[in-house]
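Asks: My questions will all concern the structure given below.
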Amino acid sequence: MPPTAARSEARQRVLETADRLFYQDGVRAVGIDRIIAEAGVAKMSLYKHFASKDDLILAALKHREALVEAFLRSAMERHGRRTKDKLRAFFAALKDWFGSPGFRGCAFINAAAELADPKHPGSQFARDHKVRFRSLLESLIADAVGKDAAKSAPAVALLVDGAIVSAYMQGESESADIARDAALRLMNSTHT
């Protein structure tokens, strides 16, 4: 195996392990030594790919965003077969996520709260993620109800974030249905 392939495999193992542990136990609670041990790499190998834990946190959040996008796309496609309404498919996908094993809320909300420093690259990425997420909601709302209703996307984003927190804290997935119903009422009131 070429050395580059071994390095990229080690990097990927570190990244996947850090993502899993940061989501499971929190970015501040998980140390570099634990990540190294569970990834099965040498400390030097980790630092060859990530100059610091902060760099690894940022890379793990980027990795998590790609995973979330892939999950949503797949789940929405699956639910979209039953309904042509992409917004309803989105809330059904959200409910699937809330009921999945190991669900621990939003990794971006969690990381921003733990990092506390708004200037930390991970906090900045988490904020930017929420902007990108709101754009996704605007697109879904525009497709489902029309461009006029898309102005309700910030409020729908708040409903979604509240549903995520509630699902985690209450250990239930029904908050996705409550958020969906509230979002539909809101959009219908702004659309008419």
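Asks: Within segment 111-126, track down each residue that is of a type outside the set (Gly, Ala, Ser) and buried (at least 19 other Cβ atoms within 10 Å of the Cβ).
Replies: Those that are of a type outside the set (Gly, Ala, Ser) and buried (at least 19 other Cβ atoms within 10 Å of the Cβ): Leu115, Phe125.
Asks: Collect the residues in segment 163-178 that are in a helix (DSSP H, G or I) and over 19 Å from Arg132 (Cβ atoms), keeping them in residue-number order.
Replies: Passing the criteria: Val165, Ser166, Ala167, Tyr168, Met169, Gln170, Ser175, Ala176, Asp177, Ile178.
Asks: Now for a separate question. Are there any pairs with C-beta distances below 8 angstrom linking a residue in segment 146-165 that is without any contact (Cβ under 8 Å) to a residue 24 or more places away in the chain and of a type outside the set (S, T, N, Q) to a residue that is part of a helix (DSSP H, G or I) and surrounded by 21 or more Cβ atoms within 10 Å (Cβ to Cβ), with the two at least 6 apart or on different chains, and if so which?
Replies: Ala150/Ile141; Ala153/Leu137; Ala153/Ile141; Gly162/Ser175; Gly162/Ala179
Asks: So Arg104 passes all but one of these: (1) part of a helix (DSSP H, G or I); (2) modelled with pLDDT of 95 or more. Which condition number does it fail?
Replies: It fails just one condition, (1).
Asks: Follow-up. If we keep just the residues of segment 161-174 that are within 25 Å of Ala66 (Cβ to Cβ) and out of contact with any Phe, Trp or Tyr (no Cβ under 8 Å at 6 or more places or on another chain), which is most open to solvent (accessible area, probe 1.4 Å)?
Replies: Val165
The values are calculated or read from the model by the stated rules, or taken from the named source; none is laboratory data. Bear in mind the structure is a predicted one, so any value in this text is a computation, not a measurement. Ideal geometry is used to build each Cβ from the backbone, glycine not excepted, and the neighbour counts take in all protein chains shown. All accessible areas refer to the heavy atoms of the entire protein, side chains included, with ligands and DNA or RNA removed. Shrake-Rupley method; radii C 1.70, N 1.55, O 1.52, S 1.80 Å.
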